[in-house]
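Written below as structure tokens is the structure these notes are about.
Each reported figure results from applying straightforward, stated rules to the coordinates on display, with no laboratory input. Just so it is clear, the model here is predicted, and its values are computed rather than measured. Here the Cβ positions follow ideal geometry from the backbone for every residue, glycine too, while neighbour counts run over all protein chains shown.
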């Protein structure tokens, strides 16, 4: 149980392209989803918390106009990297918590998306 | 300690060895401590979430302890197997409920 599907798993595209990444909870409803970014040899860094039916909460230093998050249903959140540039190349991974559980409950992760901007 | 720190960074053991790693974190405003196992090409898998000082949790051959007063958690693997090879991540939740992640301990178990 508690399976999260994320795709695409890898994207290679030209600078200036917008890229959409989907994160779906397959067998549970997720009121809250999280988007992380990981640069090489660094830890997972929270970019934003996505709440179903409301605006995402972005972490300091993350541009909300650059990284658009939509959480329109209890099973789907999307992250769109708008007008991507080489410095946006990174590993992006989403996670979700079951229902309305709190931070004392585990997060369930997708497989991640490796984004490479040429 | 301002960040979550894990040690060692990497570890190579022989099949059958028991091993343990450390996660150190800020003890103030502590809420929860998470452990995850992340195998290559797979998604991170939750192992434990601990909230109380003195908590001990066990899942098969893997167990974890928590000391919130001094800010550390140990993860133990008894009788390591090649399938235990993975990166083990810990993450600390504070009063703001967000998780701060360590860099992980990369474990390689040689058959």
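A few comments on the model shown:
- If you wrap segment A:6-66 in the convex hull of its Cα atoms and look at it from every side, the mean projected area works out to 5.5 nm².
- Going by neighbour counts of Cβ atoms within 10 Å, the residues B:92, B:97 line up, fewest first, as B:97, B:92.
- For segment A:76-96, the residues whose backbone nitrogen is under 12 Å from a point 7 Å from the Cα of residue A:114, taken along Cα to Cβ, are A:90-92.
- Bridge type composition, chain A - antiparallel percent by DSSP, nearest 5: 85 percent
- Stretching the chain fully between residue A:64 and residue A:7 yields a gain of 18.4 nm (0.36 nm per residue, less the alpha carbon separation).
- Peptide B:99-106, shielding by other chains (average Cβ, 10 Å cutoff): 3
- As a ratio to 2.2 N^0.38 Å, the alpha-carbon radius of gyration for segment A:44-97 is 1.11.
- DSSP finds beta bridges in the protein assembly as shown, and of those with both partners inside it, around 90 percent are antiparallel.
- Reduced Cα scattering model of segment B:1-46, Debye log10 I(q)/I(0), q = 0.13 Å⁻¹: -0.43
- The value of relative contact order for segment B:20-95, using C-alpha pairs under 8 Å at least six residues apart, is 42 percent.
- Taking every alpha-carbon pair under 8 Å whose residues sit at least 6 apart, segment A:19-118 reaches a relative contact order of 33 percent.
- Placing dummy labels 7 Å off each Cα toward the beta-carbon, the span from residue A:42 to residue B:3 is 1.0 nm.
- Exposure proxy order (Cβ contacts within 10 Å, fewest to most) of A:50, A:43, A:18: A:18, A:43, A:50
- With coordinates expressed along the principal axes, the C-alpha atoms belonging to chain A extend over 39, 25, 24 Å, beginning with the largest.
- Separation between Cα centres of segment A:80-118 and segment B:4-59, rounded to whole Å: 21 Å
- Separation in nanometres of the label points that stand 7 Å from Cα toward Cβ, at residue B:67 and residue A:17: 5.1 nm
- Alpha-carbon Rg/Rh ratio, for the protein assembly as shown, with Rh computed the Kirkwood way: 0.97
- Among A:2-9, A:58-65, B:49-56, the order from most to least packed when residues are scored by Cβ within 10 Å on average: A:2-9, B:49-56, A:58-65
- Translational diffusion of segment B:63-111, µm² s⁻¹ [Kirkwood Rh, Cα pairs; Stokes-Einstein; 25 °C; 0.890 mPa s]: 195 µm²/s
- B:38, A:35 arranged by Cβ crowding within 10 Å, fewest neighbours leading: B:38, A:35
- Gyration tensor analysis over the Cα atoms of segment B:22-111 returns equivalent ellipsoid semi-axes of 23, 14, 10 Å (largest first, whole Å).
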